[in-house]
Structure formats: C-alpha cells, structure tokens
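Okay, structure first, notes after.
Every number here is computed from the coordinates shown, using simple stated rules; none is lab data. Just so you know, these numbers come straight off a predicted model, no measurement behind them. With ideal geometry, Cβ positions are generated from the backbone for all residues, glycine too; neighbour counts draw on all protein chains shown.
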C-alpha cells in the first residue's frame, strides 16, 4: 500500500495509522493531508494511533509537523488512541510534541474539537458512561 | 502490527483496511468486530477499503463473512471507498458479495445507514455538491 487513506466526514478528516511509517509514506501523508484540508475546507484532523505499539522520534516529529501544517491552514489536530507504552516512550524520549492535542479515543477527540469549534461540527452520539 | 483498529463513533464502528490481509489478521478482525458490536451495542459497521488497489476472493469472502456476522448481531455493514479496479475485479471473479452494501465514501455510507436506521444515528454535515 503506497499511501495512508484520509477519510472525510463533514469538515473533519480522519487518519488511522496502522503501518510502520517510513520517510516517503510520511511525506505522502503530509502532502495528501494538506491538500485535503484545502480541498475540503476541513477544520479538524483526527489522527488515530491506537494500533501503534511503539513510537520513535520520527513518528513523533511527523505528528508535530502535521499539527503545525494543519494549524497554519486553520485546522485543529487531535491525536487519539495513544497506548500507555507509547505515552511512556514519548516522555522517556523527552518529546513533548508541542501543539499536538491528544484525547483517549475518537469520541473524546471529537468532543474536544467540538468544544473549540463552530456549532456546525458533526455531532456524534456519546453514550459512554 | 497485529490487528486492525476498530474505531467507535457512537453506535457506529469504523474499520479502515490498509494492510494486506492474511488468514490470522482476518480472523482477528472478525473476532474483534463481533466482540465490539456486542460490547458497544453497535448498530452499524463501516469498512473503508479505499487503500486497497486489488482484491482477491479471500478478502471478498472476509467482507461477506463480516457482513453476515454483523447482520446476525443486528448491525448493518456498508463497505465504502471501493476503487474502480476493485469493482472490475470483483465482477470478473464473479463475486457478488451477497448481503454487502456499498457506498462511494464514508459520508455516503453514513447517509445510507442513517436512512435505514433510527433517528439517533450520528449526524454528519454533508456539504458535497
């Protein structure tokens, strides 16, 4: 597979990272994402990393970059689904990922985005306790 | 990566297939999906295959199986994002994928599900022309 799919839901773009990232794939994702933010006038980007069991400085930097690029294009980025081991590694690596907001899961991420955005943001029923 | 992540949004489960499926991964996905349908009382499953550039009878059968299992558990399945080449291959293979509904993209899939479901289904703004 040559690229990571970007799913569009209203003015939200959703990316799930499932494969090991290498340079070219990361560049392609950044290109695709910035293009789609403009094309669809997206205001939010959700990146799900729940299937990543480890993270290195390369992925950390990529997430930071995506967040910065989105921010310049007036879109907010939320990284969701980080596993405990990944959180520990990030702290041990001393990576603070400036500008990257996180949430426990997709619904948390959507709630976070909704709170900080205009009322047209897609509504999702949340029946968690 | 050992498993394909299942994203939960309200009573909808979203799966994006990005990697080549093999037997064990397909079994794990079926297990996880049926477990999550019950655990979260999900009424709909959206499977995005937009990053698959080809499909074989194994994946076709897996999609059919997932759809049948979901149906038994009272959840509807919609496969979205099928590429033209995949559609052609399916027809050439003579695979009709009985019981599998399709839509062009996530938003189309959600609209399809919403039309056939109760009014609590998550709303997504659709501003496509």
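Give me the percent relative contact order of chain B, please, defined on Cα pairs under 8 angstrom at least 6 residues apart. Reported relative contact order: 23 percent.
With its label point put 7 Å out from Cα toward Cβ, residue B:22 sits 1.8 nm from the same residue's point in the other copies, in order from shortest. As a test, work out the antiparallel percent of DSSP beta bridges whose residues both lie in the protein assembly as shown, rounded to the nearest 5. In the protein assembly as shown, approximately 25 percent of DSSP beta bridges are antiparallel ones.
Mean silhouette area of the protein assembly as shown, derived from the convex hull of its C-alpha atoms and averaged over all directions, reads 13.6 nm². With each label modelled as a point 7 angstrom along the Cα→C-beta vector, the residue B:65-residue A:73 pair spans 3.8 nm.
For region A:13-71, what class follows from the C-alpha gyration tensor (a ≥ b ≥ c being the square roots of its eigenvalues): rounded when a/c is under 1.5, otherwise prolate if a/b is larger than b/c, else oblate? Here region A:13-71 falls in the prolate category. Per-residue Cβ neighbour counts within 10 Å put B:34, A:77 in the sequence B:34, A:77, beginning with the fewest.
Ranking of A:43, B:22 by neighbouring Cβ atoms within 10 Å, starting from the fewest: B:22, A:43. Distances between copies at residue A:71, taken between label points 7 Å from Cα along the C-beta direction, are 4.9 nm in increasing order. When the Cα centres of region A:82-97 and region A:1-72 are compared, how far apart do they sit, in Å? Value for the Cα centre distance between the two parts: 18 Å. Taking R0 as 35 Å, what FRET efficiency do you get between residue B:38 and residue A:56 from their Cβ-Cβ distance, rounded to the nearest 0.05? Here the calculated transfer efficiency is 0.45. If a spin label sat at a point 7 angstrom from the Cα of residue B:93 along the line to its beta carbon, the backbone N atoms of region B:36-61 nearer than 11 Å would be those of B:54-61.
For chain B, rounded, prolate or oblate, judged on the Cα gyration tensor with a ≥ b ≥ c (square roots of eigenvalues), a/c < 1.5 rounded, else prolate if a/b > b/c? The shape class here is oblate. Projecting 7 Å from Cα along the Cα-to-Cβ direction, the label point of residue A:2 sits 3.3 nm from its equivalents in the other copies, listed shortest first.
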